[in-house]
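**Q** Let me give you the structure first, and then I'll get to my questions.
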Amino acid sequence: MNMVSGLEDVQNKIINVRSQQVILDSDVAALYGVETKRVNEAVKNNLDKFPVGYIFELTNDEKNELVENFDRFKNLKHSSALPKVFSEKGMYMLATILKSPKATETTINIIEAFSKVREISRTIKSIPSTPQSSPKYQELMQKTGELIADLVVPD
């Protein structure tokens, strides 16, 4: 997996739950090339490394909402287990536990993806407070377009 496709893979897995950018445990497993139960075992065996906000379990309603809104989560529909999601901090902590060349490459892609999402968010948030007639407004609009294009069609 080259860096660009890896970054794109990570970006496609980031979802918004409880106003946080997170990645579902099964998507984390896919990114790291392991089974979901291995990811969850790693967390269970290292609970001290995952304080509140690093990982949380979805509610039944949140799980159902994902199934309804994303085709890729249809396999969760009949699962009795509630999936867990990792915040950016949780992903970094998981990276300290999972050791392999693929884990290192995936971690770099995760850092880059979350960074781009944050940069887009910051840029978009500053647009409404900038007068439309100012050169700064045009600059923000252009930067937003470039960042979104970079996410959608990396180099």
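The values are calculated or read from the model by the stated rules, or taken from the named source; none is laboratory data. Remember, it's a predicted structure, so these values are computed and weren't measured experimentally. Cβ sites come from the backbone with ideal geometry, for glycine too, and all protein chains shown count toward neighbours.
Rundown of residues vs (1) of a type outside the set (Asp, Glu); (2) in contact with a helix residue (DSSP H, G or I) (Cβ under 7 Å, 6 or more places away or on another chain); (3) loosely packed, with under 12 Cβ neighbours inside 10 Å; (4) more than 27 Å from Ala149 (Cα to Cα), yes/no style:
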position: Asn40; (1), (2), (3), (4): yes, yes, no, yes
position: Leu47; (1), (2), (3), (4): yes, no, yes, yes
position: Pro51; (1), (2), (3), (4): yes, no, yes, yes
position: Asn60; (1), (2), (3), (4): yes, no, yes, yes
position: Glu65; (1), (2), (3), (4): no, no, no, yes
position: Phe73; (1), (2), (3), (4): yes, yes, no, no
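**Q** Quick test for you: out of Lys116, Lys99, Lys125, pick the one residue that is of a type outside the set (Asp, Glu), without any contact (Cβ under 8 Å) to a residue 40 or more places away in the chain and in a helix (DSSP H, G or I).
**A** On the way: Lys116 fails: without any contact (Cβ under 8 Å) to a residue 40 or more places away in the chain; Lys99 fails: in a helix (DSSP H, G or I).
Selected residue: Lys125, the only one of Lys116, Lys99, Lys125 that is of a type outside the set (Asp, Glu), without any contact (Cβ under 8 Å) to a residue 40 or more places away in the chain and in a helix (DSSP H, G or I).
**Q** Here's a follow-up. Is it true that Ser121 is more than 18 Å from Val17 (Cβ to Cβ), surrounded by fewer than 17 Cβ atoms within 10 Å (Cβ to Cβ) and modelled with pLDDT under 85? I'd like the intermediate steps shown before the answer.
**A** On the way: more than 18 Å from Val17 (Cβ to Cβ): no; surrounded by fewer than 17 Cβ atoms within 10 Å (Cβ to Cβ): yes; modelled with pLDDT under 85: yes.
In short, no.
**Q** While we're looking at this one, here's another question. Which condition number does Leu7 fail, the rest of (1) buried (at least 18 other Cβ atoms within 10 Å of the Cβ); (2) modelled with pLDDT of 90 or more; (3) of a type outside the set (D, E, K, R); (4) in a helix (DSSP H, G or I) being met?
**A** (2)
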